[in-house]
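Data first, discussion second: the structure below is written as structure tokens.
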């Protein structure tokens, strides 16, 4: 018997979806860390891409972006230590433009 989670990387590789799977895992991991370490920002930010060793996060408001920047060393160290973190060394936070 094999766990479905163990099959996903191989299936994603076969379908050419490795980058999407990696981003999805990174997003879920980062959101979990924000929920634990910066609860006031939970649900108000998201990973939008990973560019090399930089994690690009979009915040819904300037105050959320400021809080993430202040907590960046702690968030980044914790995130980088996870398998989804991939050795991330930089956290870039941008504020979402109003629609």
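Observations
- Subset of the stretch 32-73 [assigned to a helix (DSSP H, G or I) and crowded, with 16+ Cβ neighbours inside 10 Å]: 33, 34, 41, 64, 65, 67, 68, 72
- If the condition is being in contact with a strand residue (DSSP E or B) (Cβ under 8 Å, 6 or more places away or on another chain) and either free of Cβ contacts under 8 Å to residues at least 24 places away in the same chain or more than 30 Å from residue 13 (Cα to Cα) (or both), then the stretch 52-68 contributes 59, 60, 61, 62, 64, 65, 68.
- Boolean, residue 26 is in a loop (DSSP other than H, G, I, E, B), surrounded by 15 or more Cβ atoms within 10 Å (Cβ to Cβ) and either free of Cβ contacts under 8 Å to residues at least 12 places away in the same chain or in contact with a helix residue (DSSP H, G or I) (Cβ under 8 Å, 6 or more places away or on another chain) (or both): no
- Of the residues 13, 37, 49, the single one that is more than 9 Å from the chain's Cα centre (by Cα), touching a residue at least 24 places away in the same chain (Cβ under 8 Å) and within 17 Å of residue 84 (Cβ to Cβ) is 37.
No value in this document is a laboratory result; all are computed from the given coordinates. The structure displayed is predicted, hence computed values, not measured ones. Glycine gets a Cβ as well: all are built from the backbone with ideal geometry, and neighbour counts include every protein chain shown.
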